[in-house]
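The values are calculated or read from the model by the stated rules, or taken from the named source; none is laboratory data. Because the structure is predicted, anything quoted here is derived from the model rather than measured. Reconstructed Cβ throughout: ideal geometry from the backbone, glycine too, with neighbour counts over all protein chains shown.
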Amino acid sequence: MHMASLLAILSSILWGTSDFEGGRLSKKHAPLAVLGFTQVLGLVFGIVLMLASGAWSAQALGSGGYLVPGIIAGLFGYFGLFCLYAGLSTGRMGVVSPISSMGAIVPLTYALINGDKLSTITSIGVVLALVGVFCASGPELSQGLPLKPLLLAIGAALGFGTALTSMSIGSQSSALMTMVSMRGATFFVTIAIALKFRTMGGFTKKEYPSLIFIGIADFLANVLLGVACTKGLVSIAMVLGSLFPIATALLAFKFLRERLQNVQYVGIVLAVAGVALISAF
């Protein structure tokens, strides 16, 4: 397996695990509080890595710099998460999760327009992986397609897609500094929200390890995906990096005893087949 593919898959596993933990905590606390707290912890972790590695010497401004793409990625990623949480709170997870998981189509399109060339076999793998992720997210359309959850899900997909595209651009200068810029941008949003609601989330000491894990895992997932974009085709890295709903679904099945629907089993098989085709050729 190519290094870029391996890094992107590791990124997916970390994202899926941190989303699972985040979802668990969001049942007891306001989702925005979980999001804000973990993003600040991610920023602290990123600053430590930056100081230890000397990555701050990378080009920040101008064409090819990391700062502007990092800030854009941070703000659009936050917008995507806000739409996702608002969408999930409508109780239509079967509409919101699958559509929001399609954010990878934005950076995939961007990469193909900018010269990424995929073989026929790899293209089939990409399509299988994307269809697999959609199905593994548990689409449920039997009750119709209400407008509000649909619009919020599309907002989440576009937010995530734009964030991923900007992240891949900034990572060409420095993946780590792009992530620090992302978290730096969202830090100010988090502070504004905390001041408005006058709360730090009301977390207990027992929950701190989970919060720290989410913050670090989410940050590392971003860095690994950013590095993957510099080691191989951006299009492939983005598709493999978007497989995280599968990890979340499997963890929910294992630890929360949540039953997987038949369509989710089909999705997991399709995604694995897609990854095999992408990685083998």
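Mind checking which residues of the stretch 109-144 are at pLDDT 85 or above, within 23 Å of the chain's Cα centre (by Cα) and among the small types (Gly, Ala, Ser)?
The answer is Ala111, Ser123, Gly125, Ala129, Gly132.
Give Pro209, Pro245 a once-over and let me know the one that is touching a residue at least 24 places away in the same chain (Cβ under 8 Å) and assigned to a helix (DSSP H, G or I).
On the way: Pro209 fails: touching a residue at least 24 places away in the same chain (Cβ under 8 Å).
Testing whether each residue is touching a residue at least 24 places away in the same chain (Cβ under 8 Å) and assigned to a helix (DSSP H, G or I) leaves just Pro245.
Out of the residues in the stretch 1-26 meeting the condition of being in contact (Cβ under 8 Å) with a residue 60 or more places away in the chain and either hydroxyl-bearing (Ser, Thr, Tyr) or touching a Cys at 6+ places or on another chain (Cβ under 6 Å) (or both), tell me which one is surrounded by the fewest Cβ atoms within 10 Å (Cβ to Cβ).
Selected residue: Thr17.
Give Leu270, Leu260, Leu224 a once-over and let me know the one that is more than 18 Å from Phe160 (Cα to Cα), assigned to a helix (DSSP H, G or I) and not β-branched (Val, Ile, Thr). Walk me through it before giving the result.
Values: Leu260 fails: assigned to a helix (DSSP H, G or I); Leu224 fails: more than 18 Å from Phe160 (Cα to Cα).
Every option except Leu270 fails the conditions.
Please specify each residue of the stretch 225-237 satisfying the condition of being among the hydrophobic types (A, V, I, L, M, F, W, C) and surrounded by 24 or more Cβ atoms within 10 Å (Cβ to Cβ). Steps first, answer last, please.
Let us first name the residues in the stretch 225-237 that are among the hydrophobic types (A, V, I, L, M, F, W, C), namely 225, 227-229, 233-234, 236-237.
Across the stretch 225-237, the qualifying residues are Leu225, Ala228, Cys229, Val234, Ile236, Ala237.
Report, by residue number, each residue of the stretch 220-234 that is of a type in the set (Gly, Ala, Ser) and modelled with pLDDT of 85 or more.
Matches in the stretch 220-234: Ala221, Gly226, Ala228.
Out of all the residues in the stretch 1-54, which are more than 29 Å from Gly87 (Cα to Cα) and outside any helix (DSSP H, G or I)?
Met1, His2, Gly54
Looking at Leu164, Leu150, which one is in a helix (DSSP H, G or I) and either in contact with a Gly (Cβ under 8 Å, 6 or more places away or on another chain) or closer than 15 Å to Gly74 by Cβ (or both)?
Only one candidate qualifies: Leu164.
Being of a type in the set (Gly, Ala, Ser), touching a residue at least 12 places away in the same chain (Cβ under 8 Å), assigned to a helix (DSSP H, G or I) and in contact with a helix residue (DSSP H, G or I) (Cβ under 8 Å, 6 or more places away or on another chain) is true for just one of Gly94, Gly125. Which residue is that?
Working: Gly94 fails: in contact with a helix residue (DSSP H, G or I) (Cβ under 8 Å, 6 or more places away or on another chain).
Exactly one residue qualifies, and that residue is Gly125.
Restricting attention to the stretch 71-78, does a residue exist that is crowded, with 21+ Cβ neighbours inside 10 Å, closer than 21 Å to Val127 by Cα and of a type in the set (A, V, I, L, M, F, W, C)? Show your work before the answer.
To start, the set of residues in the stretch 71-78 that are crowded, with 21+ Cβ neighbours inside 10 Å comprises 73-74, 76-78.
Cutting the leftovers down to closer than 21 Å to Val127 by Cα gives us none.
Scanning the stretch 71-78 turns up no residue that is crowded, with 21+ Cβ neighbours inside 10 Å, closer than 21 Å to Val127 by Cα and of a type in the set (A, V, I, L, M, F, W, C).
Select from the stretch 27-70 the residues that are modelled with pLDDT under 85, of a type in the set (Phe, Trp, Tyr) and buried (at least 16 other Cβ atoms within 10 Å of the Cβ) and list them in ascending order.
Narrowing the stretch 27-70 to residues modelled with pLDDT under 85: 27-37, 53-65.
Now restrict to residues that are of a type in the set (Phe, Trp, Tyr): 37, 56.
Within the stretch 27-70, Phe37 is the sole residue that qualifies.
Can you find even one residue in the stretch 145-152 that is closer than 24 Å to Ala237 by Cβ, crowded, with 23+ Cβ neighbours inside 10 Å, modelled with pLDDT under 90 and of a type in the set (A, V, I, L, M, F, W, C)?
If we filter the stretch 145-152 for residues that are closer than 24 Å to Ala237 by Cβ, which is where we start, we get none.
The answer is no; no qualifying residue exists.
Of a type in the set (Phe, Trp, Tyr), out of contact with any Asp or Glu (no Cβ under 7 Å at 6 or more places or on another chain) and assigned to a helix (DSSP H, G or I): is that true of Phe219 in this structure? Outline the logic, then answer.
Values: of a type in the set (Phe, Trp, Tyr): yes; out of contact with any Asp or Glu (no Cβ under 7 Å at 6 or more places or on another chain): yes; assigned to a helix (DSSP H, G or I): yes.
So Phe219 passes the test.
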